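Written below as structure tokens is the structure these notes are about.
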Amino acid sequence: MKPFLEVKNLFVSFPTEDGVVRASDDISFSVSRGETLAVVGESGSGKSVTTLAVMGLHNRKRTNISGHAILNLPTGPVDTISAPEETVRKLRGKSMAMIFQDPMSALHPYYSIGNQITEAWSLYNDGSKADGTKRAIELLDLVGIPGAAKRVEEYPHQFSGGMRQRVMIAMALVNNPSLLIADEPTTALDVTIQSQILQLLRDMQKEFNMAVVLITHDLGVVAEVADRVCVMYAGKIVEQAKIDELYYRPDHPYTLGLLNSIPRVDRGGDQRLQAIPGQPPSLISLPQGCSFRPRCAHSKLVPNNRCATDVPELYEKTEAHGSRCHLTESQLVQIRTSAGGHS
Amino acid sequence: MLKFLAKRLTATVVVIGLISISVFLIFSYLPMDPAALTCGKACNPVVIAANRHRLGLDVSVPVQYGRFVKGLFVDRTWGEGAAKFSCPAPGFGYSFNRHECVTQLIKEAFPVTFSLAIGSFILWMLLGISFGIVAARKQGKWQDKAATAFVVAGVSLPVFVTALLTLLAASKLGLVNPIEFGRWVSPFTDPIGWLKTFYLPWIVLALFSSASYTRFTRSNVIETSSEDYIRTARAKGLSEKVILRKHTLRAALAPLLTLAGIDFAVLLGGAIFTETIFNLPGLGRLSINAVLTDYDLPVILATTMLAATLVVVMNLIVDVLYAYLDPRVRVG
Ligand SMILES: Nc1ncnc2c1ncn2[C@@H]1O[C@H](COP(=O)(O)OP(=O)(O)O)[C@@H](O)[C@H]1O
Ligand code: SF4
Ligand SMILES: [Mg+2]
């Protein structure tokens, strides 16, 4: 069966006064129903821009978008990049739903949560207001809000951050979407709440058999929930692999850096965490060659200074594992070994 | 909500009491002497003293205030014997210049000012808000630039200039009938005559006031449009029309309520320039005449208190409405 979402050669850029911001640069990935794809990268690497393009949420007049984001619906494929805006709008909330980083500001402060959930429901369902409220309560219950029947009439400010994110999830699920995009759903929450929300997302994915795209800047959280991972750097996917592959045989120095900067139980307590030195480049003027080169500790291993001149192509070691780096497999084995822990 | 209301209502009564005391004190200690002003040709200290007694100014200021307050609730009488006269409650005193109870004067002037205020208010809200929305939606386009020009003209031209220019243009076009000019007719007996009297001053006040509402609406709509919850609304699949109507405008226009309420209340207190230029016998003209020509203390006192009370009461109404609109400020 075809994956539910296929993103192919997606480019998104914004013309600004300072220059063109190339936020998504030749992005390709796919995700099937029942599968979770994590998109990982530092803040500003283009994760949100990429997924907003899939949802058709960019202002088309002020954004340059090309490529494809194909939803394989039961009725046939639709490309949300080229389909008419009205067609894409009618897929939002029904076939594809999205939740956002900050649940504090993502809900309308003036309407009760019941009103906001019912509004989404009644877009795609005929039925009375009472039916909508019943469905809202059902979902609030499902996402673990105690006393849902009573709380449905309350307003966003009466909920804690974690509870609001649950409300957002309930609202996103109200029309049984096939694809759920979660854009850093736990970044704004307390650590203890974070794992509860991730757990909830995993449960809901099973319940609704959804394709899930989970965006995060924290490679640490994806281990428990993701099947596959895309690592983004400066607008490009630099590595793409199954979760175990990525953890144990990372192919890109940036992924290695990310892995070294998260606490790992299997490495013992005395291992110091190492943040990747330096800053990501400006998306308006990317360095020549590999975008990661200014921060890369291994570019000297590549002959002829190619890292500074040639943009590395996506090299697909296997169909499921690809990376953009000039290093050879034997060099990588050496690097992984000396980094410790990875084999 | 009830507790909130009770608290606000008490505060409102206290504020109005304080305002009345301040106004009373200010006018009591001004260096003019109404007893001397109403004294007439054959003026001597004896007549002035008699006058002072007749006007009730020969007692201490607190006693005067007490009588004034009493007069609000029960009928009040001045003078003795044949010269005796009284004003029924609620009374704001007696105008010795106009030989009329102040309440009666206000009763006559208020409908004029109210007509002026309500018409221009509706007009300016409609103009201001719709221009603001269009400007926000067409940011940077010609519609936006036209709205900006309108705002600049509106806020930089003083209202009497707009009023005079409008009047000039209207009379050149033969739209002004000098006999009917500024004639008060009730909208219930002669709706067409009422419209004829008021449409020009409505336009003048609306042009003047809608400018700031255009600017306010525009910036609020633009600001609200970039809120996260608008993106959420879009992600749900709502149409742009519903997003604008239900989500953006609700949040963008709620803050306008406070401004609109106060502006309307101030206008209800009398529009001095507009009423004077358009010859309308409203509260604004009543006050300005009382101050400039007559030094008619009871009238000044009453109109000032009325204006202040309107603002305070409107503030209360606006707060209650706002609490209804924005659940975050609802208490209890
Ligand atoms: N509407 C826009 N106009 C101009 N630049 C934008 C716009 N939206 C995002 N960007 C830029 O695109 C880059 C990627 O942003 P984003 O996708 O939000 O990053 P993240 O990976 O943190 O989600 C950032 O440099 C951001 O400033
Ligand atoms: S291509 Fe060169 S600079 Fe880029 S990640 Fe690989 S080694 Fe480092
Ligand atoms: Mg983001």
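The values are calculated or read from the model by the stated rules, or taken from the named source; none is laboratory data. Quantities reported herein were computed from a predicted structural model and do not represent experimental measurements. We place every Cβ from the backbone using ideal geometry, glycine too, and count neighbours over all the protein chains shown. When the accessible area is computed, the model is the full protein with side chains, heavy atoms only, and any ligands, DNA or RNA have been set aside. Shrake-Rupley method; radii C 1.70, N 1.55, O 1.52, S 1.80 Å.
A drop of at least 50 square angstrom in accessible area, chain alone versus all protein chains together, probe 1.4 Å. Which residues of segment B:294-332 meet that?
Residues meeting the cut-off: B:Pro327, B:Arg328.
Mind checking the per residue accessible area of chain A for me, 1.4 Å probe, whole number of Å²?
The answer is 45 Å² per residue.
Take chain A, mark every one of the GluC sites (Glu not before Pro) that falls in a DSSP loop and has at most 14 other Cβ within 10 Å, then report the longest stretch left between them, sites excluded.
Formally, the longest exposed-site-free interval is A:18-152.
Give me the one-decimal Kirkwood hydrodynamic radius in Å for chain A, with the sum taken over alpha-carbon pairs.
In chain A this quantity evaluates to 21.2 Å.
Helix A:191-208: angle to the longest alpha-carbon principal axis of chain A, degrees 0 to 90, nearest 10?
70 degrees
Longest span of chain B, sites excluded, free of trypsin sites (Lys or Arg not before Pro) in DSSP loop with at most 10 other C-beta atoms within 10 Å?
Longest run free of exposed loop sites: B:85-332.
Could you pull out which residues in segment B:273-292 have an amide N less than 17 Å from a spot 7 Å beyond the Cα of B:Asp190, following the Cα-Cβ vector?
Residues passing the 17 Å test: B:279-282.
Helix B:249-268 versus the longest principal axis of chain B: what angle, 0 to 90°, nearest 10, using Cα atoms?
With both axes taken from Cα atoms, the answer is about 20 degrees.
Strictly over 26 Å apart at the Cα level, which of B:Lys3/B:Lys70; A:Lys150/B:Lys236; A:Lys8/B:Lys246; A:Lys150/B:Lys246; A:Lys129/B:Lys241 would you flag in this model?
B:Lys3/B:Lys70; A:Lys8/B:Lys246
When the accessible area of the protein assembly as shown is computed with all protein chains present and a 1.4 Å probe, what percentage of it is carbon and sulfur?
That share works out to 60 percent.
With unit charges on the beta carbons (Lys and Arg positive, Asp and Glu negative) and the dipole taken about the Cα centre of segment A:5-226, which residue among A:Ser112, A:Met204, A:Leu180 sits farthest to the positive side?
Checking the options against the dipole of segment A:5-226, the answer is A:Ser112.
Quote the relative contact order of segment A:5-226 in percent (integer), defining contacts as alpha-carbon pairs under 8 Å separated by 6+ residues.
Contact order relative to length: 26 percent.
Segment B:231-332: which chymotrypsin sites (Phe, Trp or Tyr not before Pro) are DSSP loop and have at most 15 other beta-carbon atoms within 10 angstrom?
none
Per residue, how much accessible surface does chain B expose to a 1.4 Å probe? Answer in Å², no decimals.
51 Å²
Just which residues of segment A:28-64 lose 20 Å² or more accessible area with every protein chain there, against their chain alone, with the probe set to 1.4 Å?
Residues shielded by partner chains are A:Leu57.
So for the pair A:Ala223, B:Leu126, with labels modelled 7 Å out along Cα→Cβ, what separation do we get in nm?
Those two pseudo-labels are separated by 6.7 nm.
HN-Hα J couplings of segment B:323-328 from phi, Karplus 6.51/-1.76/1.60, θ = phi - 60°, integer Hz, Gly and Pro as x?
4, 5, 6, 10, x, 5
Quote the charge dipole size of chain A about the Cα centre in Debye, to the nearest 20; the model charges only the Cβ of Lys and Arg (+1) and of Asp and Glu (-1).
In debye, rounded to 20, chain A gives about 220.
Would you work out which of B:Thr304, B:Gly66, B:Ser209 lies farthest towards the positive end of the dipole of chain B? Charges go on Cβ: Lys and Arg +1, Asp and Glu -1.
The listed residue farthest towards the positive side: B:Ser209.
Which whole-number percentage describes the relative contact order of chain B, with Cα contacts under 8 Å and a sequence gap of 6 or more?
23 percent
So for segment A:5-226: antiparallel DSSP bridges make up what percent, rounded to the nearest 5?
Looking only at bridges with both residues in segment A:5-226, the antiparallel portion is about 55 percent.
Which longest run of chain B has no exposed loop site in it, a site being GluC sites (Glu not before Pro) in a DSSP loop with at most 16 other beta carbons within 10 Å, and the site itself not part of the run?
Answer - B:181-332.
Mind listing the phi-derived Karplus ³J(HN,Hα) values for segment A:10-17, rounded to whole Hz, using 6.51, -1.76 and 1.60 with θ = phi - 60°, and x for any glycine or proline?
Taking θ as phi minus 60°, the curve returns 7, 10, 10, 9, 10, x, 10, 5 Hz for segment A:10-17.
Only protein chains counted, 1.4 angstrom probe. Which residues of segment A:97-126 are at least 30 Å² less accessible in the assembly than when their chain is isolated?
Residues meeting the cut-off: A:Phe100, A:Ser105, A:Ala106, A:His108, A:Pro109, A:Tyr110, A:Tyr111, A:Glu119, A:Leu123.
Buried accessible area between B and A (1.4 Å probe, both chains summed, ligands and nucleic acids excluded), in Å² to the nearest 100?
2300 Å²
For Cα pairs less than 8 Å apart in space and 6+ apart in sequence, what is the mean separation divided by the residue count of segment B:103-296, i.e. the relative contact order in percent?
RCO, segment B:103-296: 36 percent.
Can you pull the Rg over Rh of the protein assembly as shown, Cα-only, Kirkwood?
1.17
Say the dipole of segment A:192-316 comes from +1 at the beta carbon of Lys and Arg and -1 at that of Asp and Glu; which of A:Gly257, A:Leu286, A:Gly235 then lies farthest toward its positive end?
A:Leu286
Per-residue mean of other chain beta-carbon atoms within 10 angstrom of the beta-carbon, peptide B:224-231?
Per residue, the number of nearby Cβ atoms from other chains is 4 on average.
Kindly state, to the nearest 0.05, the FRET efficiency for B:Leu72 paired with B:Phe114, given R0 = 25 Å and r defined as their beta-carbon distance.
It comes out at approximately 0.75.
If one takes the longest principal axis of the Cα atoms in chain B, at what angle in degrees, from 0 to 90 and to the nearest 10, does the Cα axis of helix B:142-156 lie?
Taking the Cα atoms of chain B, the angle to B:142-156 is about 20 degrees.
Return the percentage of antiparallel bridges among DSSP beta bridges fully within the protein assembly as shown, rounded to the nearest 5 %.
If we restrict to bridges inside the protein assembly as shown, about 65 percent are antiparallel.
Once Rh for segment B:68-208 is found with the Kirkwood sum over Cα pairs, what is the Stokes-Einstein diffusion coefficient at 37 °C and 0.692 mPa s, in µm²/s?
Approximately 176 µm²/s, per Stokes-Einstein.
Given labels modelled 7 Å from the Cα in the Cβ direction, how far is it in nm from B:Arg330 to A:Ser195?
It is 3.7 nm.
Once you place label points 7 Å from the Cα toward the Cβ at B:Ile26 and B:Ser86, how far apart are they in nm?
Label at B:Ile26, label at B:Ser86, 3.3 nm between them.
Treating only the Cβ of Lys, Arg, Asp and Glu as charged (+1, +1, -1, -1), what charge dipole size does the protein assembly as shown show about its Cα centre? Round to the nearest 20 debye.
Using Cβ point charges on Lys, Arg, Asp and Glu, the protein assembly as shown gives about 880 debye.
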